[in-house]
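Worksheet: the structure to be examined is printed underneath.
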Amino acid sequence: MVYIDFADVSYVLPNSRPLLTGVSFKVTNGQHLALIGANGAGKSTLIRLLEGAVSASSGQINHSGNIGYLRQFTSSGTVRDLLLNVSPQRIRQAAHRIEEAQRQLTSNTDKVNIEYADAITNWGDIGGYEYELLWNRCTKDILGKDYSEVANRQAQTLSGGEQKRLALAALFESEFDILVLDEPDNYLDVYGKQWFERTLNGSAKTVLYISHDRHLLEQTAHTIVSLELNESGNVAWTHHGKFSSFLEARKRRFDRFEEINRRWHEEHLKLINLVERYRIKAVYNDNMASRYKAAQTRLKRYESTTALQKLPRPQDITMKFPDIEPGSQSVVCSSLSIDGLTGPLSTTIRTGERIAVSGKNGVGKSHFLKLLGSTADLTEHEGLVPAGELYEPVRYSGTYSLGAGIRPGWFSQTHERPDLKGRSLVDILHRGTSIREGMPEDEALEALAKYELQFVAFDNFENLSGGQQARFQILLLELGGASLLLLDEPTDNLDLESAQALQAALRDYRGAVIAVTHDRWFAQEFERFIIFERDGEVRESYHPDWEMS
């Protein structure tokens with residue numbers, strides 16, 4: 001029977017802070033279990049514990065079956081290296097042996113030649129050629145080319161989505177009984193996510209995966225395990241149902257905790273009052289001494305045998321964009337084409353509109369946002385197009401303009417912010433810029449706390465997790481007074497609570513929002529879509545047309 005079993009697992013960080021406490025859940029044969037939770041709650045740590053990269057402080061982790069892993073970030077090197085990285089250990093070791101033997105061939109001795117011949121023979125014996133056939137099916141499906149054509153190509157020349165799909169295809173085709181996938185949908189466009197959903201739903205493998213994509217969770221998860229924040233170490237709660245019922249079930253759980261604790265306090269107070277009443281009576285009546293002692297014993301027994309339910313700490317993220325004066329037009333494009341990528345687009349985007357930009361990866365969506373953002377004063381980069389990208393202007397034809405007084409605010413998909421590198425979050429907020437006033441340290445800490453960033457306030461921006469960097473960029477937009485939000489994949493690294501907080505903030509924002517997004521749940525609240533087609537056509541629609549592009 002194939003399974004993974006976490007039994008009362010706890011993990012304490014090197015700085016002595018408890019990260020996980022008493023985590024227990026089981027992934028059963030053929031089950032697709034999604035692991036969710038706040039950024040930094042310990043989801044990836046659980047995977048590292050499973051693969052033995054770190055050791056649990058207590059508890060046990062058991063499994064039956066061969067496990068294949070997809071890490072959050074794909075490997076560097078060639079396409080062959082990428083595929084080897086998601087292959088069984090014997091295949092990786094045999095490939096490494098061939099590579100070592102090839103490096104020694106320059107000496108041309110009998111010993112070296114024999115070792116190379118043995119390495120080639122071993123490759124066949126352990127199933128290496130069968131895996132090359134498997135890889136060939138994957139490269140033809142994902143890249144449209146034979147494995148022999150792309151094996152030595154640098155993996156970084158592929159898009160992030162192509163790398164992810166190639167690695168995932170190889171894992172699902174492989175002999176692994178169990179797949180453990182750390183954010184497999186990151187870098188996938190909508191069509192890549194739909195491919196992943198079909199592949200996962202059609203697979204009989206046992207799969208444990210981490211994801212923040214609400215639509216994907218709804219379509220694929222049999223069971224959801226949520227890591228709940230707790231001061232004494234985060235705990236796991238299992239929801240045996242789909243994501244659409246998860247939030248309501250979680251609320252009912254919190255309500256039950258509160259009701260149990262309310263009753264506990266009521267009973268506890270009654271016993272305290274009883275002890276006090278008998279204590280007073282015992283002062284004047286010796287016959288009450290035994291009752292006083294019995295009441296004390298009853299109180300101690302109650303306190304020792306029943307306990308308050310430890311409520312998970314809810315995430316408390318409050319996002320609010322600046323209140324701006326409503327205008328008429330935010331953006332006007334006339335026959336606007338991005339050189340080498342898109343045909344002409346003519347459109348008017350009015351203040352207050354919500355525009356989602358959709359399309360496959362590599363068709364010009366981010367270039368479009370970058371172009372609109374680059375109309376601002378380029379002497380200040382914070383909250384606008386990142387400084388490192390300004391030196392490569394987007395080439396275009398046609399015209400575009402922003403309305404009078406419109407200040408664009410930019411959210412960068414890659415989080416590459418040279419203007420923030422090497423600086424702590426408190427320092428960035430304290431110093432300010434010409435478009436954002438600085439603030440005292442105590443006010444900076446309060447602002448960071450609204451985004452649950454107070455615990456990393458003195459960390460440098462580049463050392464934060466992807467979700468923390470995303471929340472900090474949104475905070476800068478809030479403080480910068482943007483009247484046009486240009487958001488490039490804003491929910492890609494956000495956990496569920498943060499994504500919902502962002503959606504709530506956008507509902508109250510009176511400026512225009514133009515967002516590139518592959519998040520179908522997030523896109524439901526947008527009223528108009530600009531769709532970038534693979535053939536260069538750009539069209540507008542009141543429907544996302546996910547299946548048509």
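The numbers here are math on the coordinates, done by the rules we state, and not lab data. In this text, all values refer to a predicted model and were calculated from it rather than measured experimentally. Ideal geometry is used to build each Cβ from the backbone, glycine not excepted, and the neighbour counts take in all protein chains shown.
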Karplus-derived 3J(HN,Hα) from phi for segment 241-256 (6.51 cos²θ - 1.76 cosθ + 1.60, θ = phi - 60°), whole Hz, x at Gly and Pro, runs x, 7, 5, 4, 9, 5, 5, 5, 5, 5, 5, 4, 5, 4, 4, 5
What is the dipole size for the chain, taken about its Cα centre, with +1 at each Lys and Arg Cβ and -1 at each Asp and Glu Cβ, in debye to the nearest 20? 2100
Note, Thr28: beta-carbon cut-off 15 Å, +1 each Lys/Arg, -1 each Asp/Glu, net 0
What pairs from Lys251/Lys450; Lys164/Lys450; Lys43/Lys370 go past 25 Å between their alpha carbons? Lys164/Lys450; Lys43/Lys370
Please sort 99-112, 244-257, 440-453 by packing, taking for each peptide the average over its residues of neighbouring beta carbons within 10 angstrom, highest first. 440-453, 244-257, 99-112
Karplus couplings for segment 209-217 from phi (6.51 cos²θ - 1.76 cosθ + 1.60, θ = phi - 60°), rounded to Hz, Gly and Pro as x? 9, 9, 7, 10, 7, 5, 5, 4, 4
Given charges at beta-carbon only (K, R positive; D, E negative), |dipole| of segment 52-179 in Debye: 420
Descending packing, highest mean Cβ count within 10 Å first, for 494-501, 426-433, 268-275 is 494-501, 426-433, 268-275
Distance between segment 515-543 and segment 17-66 - C-alpha centres, whole angstrom: 37
Helix-only CD estimate at 222 nm, as mean residue ellipticity for the chain, using -39500 (n - 2.57) per DSSP H run (n ≥ 4): -12500 deg cm²/dmol
Of (i) 32.8; (ii) 29.1; (iii) 26.8, which one was derived for Kirkwood radius over Cα pairs in Å from the structure shown? (iii)
Name the residue farthest towards the positive end of the dipole of the chain from the options Leu271, Ala169, Val23, assuming +1 on Cβ of Lys and Arg, -1 on Cβ of Asp and Glu, about the Cα centre. Leu271
As I understand it, the dipole of segment 330-541 uses +1 on the Cβ of Lys and Arg and -1 on the Cβ of Asp and Glu, about the Cα centre. Which of Ala515, Ala457, Gly359 lies farthest toward its positive end? Gly359
Kindly rank 174-181, 292-299 from highest to lowest mean number of other beta carbons found within 10 Å of each residue. 174-181, 292-299
Calculate, for Arg301 and His430, the FRET efficiency according to 1/(1 + (r/R0)^6) with r their C-beta to C-beta distance and R0 60 Å; round to the nearest 0.05. 0.65
Using the 2.2 N^0.38 Å rule of thumb for compact globular proteins, work out how segment 330-541 stacks up: its C-alpha Rg over that value, please. 1.00
Using only the Cα atoms of segment 140-183, each taken as one equal point scatterer with no solvent, compute I(q) by the Debye sum, divide by I(0), and report log10 of the ratio at q = 0.18, 0.22, 0.23 Å⁻¹. -0.59, -0.83, -0.89
Reachable aspartates and glutamates from Lys293, criterion Cα separation under 12 angstrom, eight or more residues apart if same chain: Glu276
For segment 79-141 and segment 456-498, what is the separation of their C-alpha centers, rounded to whole Å? 43
What does the charge dipole of segment 3-247 about its Cα centre add up to, to the nearest 20 debye, if the Cβ of each Lys and Arg holds +1 and the Cβ of each Asp and Glu holds -1? 320
